[in-house]
Amino acid sequence: MPELRHDPIQKRWVIIASDRSRRPDDFSISKVPPSGGFCPFCEGNENKTPPEIAAIRNNGSRPNQPGWKVRVVPNKFPALRIEGDLDRRGVGAYDRMNGIGAHEVIIETPRHDENLADAPLDQIKEVLWMYRERLKDLLRDRRFKYILIFKNYGAAAGASLAHPHTQIVATPVTPLALARELNSSKEHYEGKERCLFCDLIQQELDSGERIVIAGDQFVAMTPFASRFPFEIFIVPRYHHHSFADSSDDMLHHLSVVMKEVFMEILLEISIEDLPFSMSFLCLVSCKLIVQQGIEKLLSG
Ligand SMILES: [Zn+2]
Ligand SMILES: [Zn+2]
C-alpha cells in the first residue's frame, strides 16, 4: 500500500511508494509502444488491459470486446490504490495517510494513430463526454479532494504516435498550486465581490490582444504571464461552476473551440514537433477552467 506523507516544511503531501517515491505531479504510465509494436490500447487487445470501468460502445457490442469508441480502464500501474480507508494519523510533528486514490486511463479512440487535431468533432465530443462522466462518478467518492484530468502527448518529429489516451487521477489531498489558485480567487471575491476569472476574461475580450478564439460559449486565450510558448487557456465565456455540470451543449461548444485551437496551432507548428500537455481543472470559485498548456519541445 502506498502512503501519503505530509512535508511540514514545504507544506505538501508526497506519495511514498514502497519501491520508489513519487511527487503527486509525477504521475505517469508505462510507455505505450509506437505503431508497429504491440499496443494494449488498440481495438482487439481488450483482454490486455484491466477490465473496463466504462465505455462508449456501438449498439450490441459487449464490455471488454471490440466495438467501442471510447474506453476507460484502471491504470495497470496505479500510483495510488482505490481500495481502503485513508486512516489519517499523526506521527509526532508529521501527518500521514494511506495512499488512496483513483488512477484511470481513458483510451480516446480505437485507432492507434488518430490525434486530437485530426479526430472528427464527434470523437472529441465523446471524449469530453467521458471526462465529464468519470468526473461525476469520482466526485461521489467522499475520500477525494482533487481530481485531475490530464493528457500528455509527445512524439518527436518523424516518430510514430503513441495511442491517444488521457489519464485521470483522484487524490485525497489538494495540491499546493491549486490551493493557491483557490486562495487568489477567494481574496479577489472578498475584496470586489466579483469573480477573478470572469474579470480576467472580460478584460481580455475587451482588449482582444491575447484572444485566440472567441466562441459563443468558450474563449481561448493566451495567459498574460505564459509559462510556455503556446500556452493556451480555454475558459467558459460565462461564469460556470463545474466541469462535471457541463451540459451536452457546452461540451459541443468546447469541442468546437478545442478543434479550432489545434488547427490554429498547426498553422504555426507541425503536430509531430509539438509534444503538449493538457489538463482540465475544476475550481471552486469560477468553477470550470479548461487549461491547456502547450509546451513546444525546445531542441537545442
Ligand atoms: Zn494502439
Ligand atoms: Zn466567473
Checklist entry - Going down the table (LYS125/LYS186; LYS69/LYS259; LYS11/LYS136; LYS76/LYS259; LYS69/LYS151; LYS145/LYS259), which pairs top 26 Å between alpha carbons? => result LYS125/LYS186; LYS11/LYS136; LYS76/LYS259; LYS145/LYS259
Checklist entry - Put a dot 7 Å past each Cα toward the Cβ at ALA177 and ARG88; how far apart are the dots in nm? => result 2.5
Next on the checklist: With a cap of 15 neighbouring Cβ atoms within 10 Å, and only residues DSSP puts in a loop, list the GluC sites (Glu not before Pro) found in the range 127-223.
Outcome noted: GLU193, GLU209
Checklist entry - Between ALA225 and ASP249, what is the label-to-label distance in nm when each label sits 7 Å out along the Cα-to-Cβ direction? => result 3.7
Checklist entry - Nearest 20 debye, what's the magnitude of the dipole of the range 31-120 about its Cα centre given +1 on Lys and Arg Cβ and -1 on Asp and Glu Cβ? => result 200
Checklist outcome for this item: Log10 I(q)/I(0) at q = 0.15, 0.16, 0.17, 0.21 Å⁻¹ for the range 30-138, from Debye over equal alpha-carbon scatterers, is -0.72, -0.80, -0.87, -1.20
Next on the checklist: Can you compute the FRET efficiency between LYS76 and ARG142 using 1/(1 + (r/R0)^6), with r the Cβ-Cβ distance and R0 = 22 Å? Round to the nearest 0.05.
Outcome noted: 0.25
Checklist entry - In whole Å, what is the distance between the alpha-carbon centres of the range 205-234 and the range 51-117? => result 31
Checklist outcome for this item: A convex hull over the alpha carbons of the range 59-195 yields, per residue, a volume in Å³ of 204
Checklist entry - Taking a ≥ b ≥ c as the square roots of the eigenvalues of the Cα gyration tensor of the range 173-258, is the shape rounded (a/c under 1.5), prolate (a/b larger than b/c) or oblate? => result rounded
Item to check | Cβ-based charge dipole, the range 84-153, positive-most Cα from ASN98, TYR146, PRO110 | outcome: ASN98
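Bear in mind these aren't lab numbers, they're just calculated from the coordinates by the rules spelled out. As the structure is a computational prediction, the values presented were derived from the model and not from experiment. So basically every Cβ, Gly included, is an ideal-geometry build from the backbone, and we count neighbours across all protein chains shown.
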